[in-house]
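The numbers here are math on the coordinates, done by the rules we state, and not lab data. As the structure is a prediction and not an experimental result, all values here were calculated from the model. FYI the Cβ positions are ideal-geometry reconstructions off the backbone, even for glycines, and counts take in every protein chain you see.
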Amino acid sequence: MSNEPTRSVFFDKVYDLCRQIPTGKVATYGQLAKLAGSPRAARAVGMCMKTNPDAPRTPCHRVVASDGSLTGYSAGDGVSTKQLMLQREGVIFNGSKVDLQVSQWQP
DNA sequence: ATTTTGACTTAAG
DNA sequence: GCTTAAGCCAAAA
């Protein structure tokens, strides 16, 4: 029984992908969008996170911008909390950005 | 059904 | 290196 109706295939895939991101790794919006079925829906991906408070369910903090910068995140101190959380999970940061060369999720 | 917005991305100045 | 512009997708009003 689906107590939680599928909002849309796109949403569902994005959420699923977020949960597939291993600890210590990060994915970009464009990457999730591509994996979700639309390589140009990066904006839609980010919007879905914000419009859906699935925080504990979807580790949206593992999702960063294409160049490793942390964007959005309206929890805690914002990107600061997000950054610290990622560092704590083992993600390598290069200054104020994620080192995608090392910590970007590779499906 | 139409319009607006939004946690994006890429290109150009 | 940073700012501005345009393009693209999907959901919410």
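Computed 3J(HN,Hα) for the range A:91-107, one whole-Hz value per residue from the Karplus formula 6.51 cos²θ - 1.76 cosθ + 1.60 where θ = phi - 60°, is 6, 8, 10, 10, x, 10, 10, 7, 7, 4, 5, 10, 10, 7, 5, 10, x, glycine and proline marked x.
The value of relative contact order for chain A, using C-alpha pairs under 8 Å at least six residues apart, is 29 percent. Pairs of Lys residues in chain A, spaced 8 or more positions apart or belonging to different chains, with C-alpha separations under 21 angstrom: 11 in total. When you filter the trypsin sites (Lys or Arg not before Pro) in chain A for DSSP loop state and at most 11 other Cβ atoms inside 10 Å of their Cβ, you are left with A:Arg40. Every helix of 4 or more DSSP H residues in chain A counts as -39500 (n - 2.57), and over all residues that averages to -12000 deg cm²/dmol at 222 nm.
With a cut-off of 15 Å between beta carbons, the residues surrounding A:Ser69 carry a summed charge of +1, where Lys and Arg count +1 and Asp and Glu -1. Between amide H atoms placed 1.01 Å from N, distances below 5 Å from A:Val26 occur with A:Gln104, A:Trp105, all of them 5 or more places distant or on a separate chain.
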